[in-house]
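> Please read through the structure below; I'll follow up with questions.
Values quoted throughout were computed directly from the atomic coordinates according to the rules given, and no laboratory measurement underlies them. Remember, predicted model here, so these are calculated numbers, not experimental data. As a convention, Cβ positions derive from the backbone with ideal geometry for all residues, glycine included, and neighbour counts pool all protein chains shown.
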Amino acid sequence: MEHTISLSRRNLLKNSTGVLTGLVIAGSPLALIARGPVWAIDLTVLTSSEGAALMAMARTICPHDKLDDAVYAVVIQAVDGDSSKDSNNHKLIKEGVVSLGASFATSRENDRIEVLKKIESSEFFQRMRLKTIQVLYASSLAYTYFGYEGEAFSKGGYLLRGFNDLRWLPEVPVEDGGPVPAGR
């Protein structure tokens, strides 16, 4: 007996897009193989040009050449979320983006550094620096890039997992190694 399912194009796109988006944002294995420019974030109060300027700022504050823009986009999404909850923060971010200049997002890195040096004592810069550090280095995508496997307590600790996995150092002679913990 043959079963056919009637599914409209709209429902197919709506349902498949939601799943793919959820998997990529959640940092699943699909996110590890889906590297590249195919990502999007929804900005609620910031414009696309403001988001681009802030992303260039975050990338300049914490530069990692091979780290995908998608990881920096998570920072901008957090800034946008904070701005949507607090009008004073929103005003600070808007004014800060204006202080960066219209061509900041497309400027060379050395030029962006010079602009940021001029405003580094401002509340805008300090808030963006703090948010960039907090969000960027708490991202599971960044963990993967840096090789951080997460906390070790729930996995038995570092002593028997990860502590002694340095493959680039020569093996220590047994007589110099000290006592070996139980469980090895």
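> Between Ser103 and Leu169, what length in nm is gained on full extension when 0.36 nm per residue of separation is reduced by their alpha carbon distance?
My answer for the length gained is 19.1 nm.
> Right, another one. Considering only Cα-Cα distances, which of the following residue pairs are longer than 21 Å: Lys85/Lys131; Lys85/Lys118; Lys66/Lys155; Lys66/Lys94?
Lys85/Lys118; Lys66/Lys155; Lys66/Lys94
> Can you check what the net charge comes to around Leu116, using other residues whose Cβ is under 15 Å from the Cβ of Leu116 (Lys, Arg +1; Asp, Glu -1)?
+3
> What percent of all Cα-Cα pairs in region 36-139 falls into each 5 Å bin, going from 0 up to the bin containing the maximum distance?
Taking all Cα pairs of region 36-139, the binned fractions are 2, 13, 26, 28, 21, 8, 2, 0 percent.
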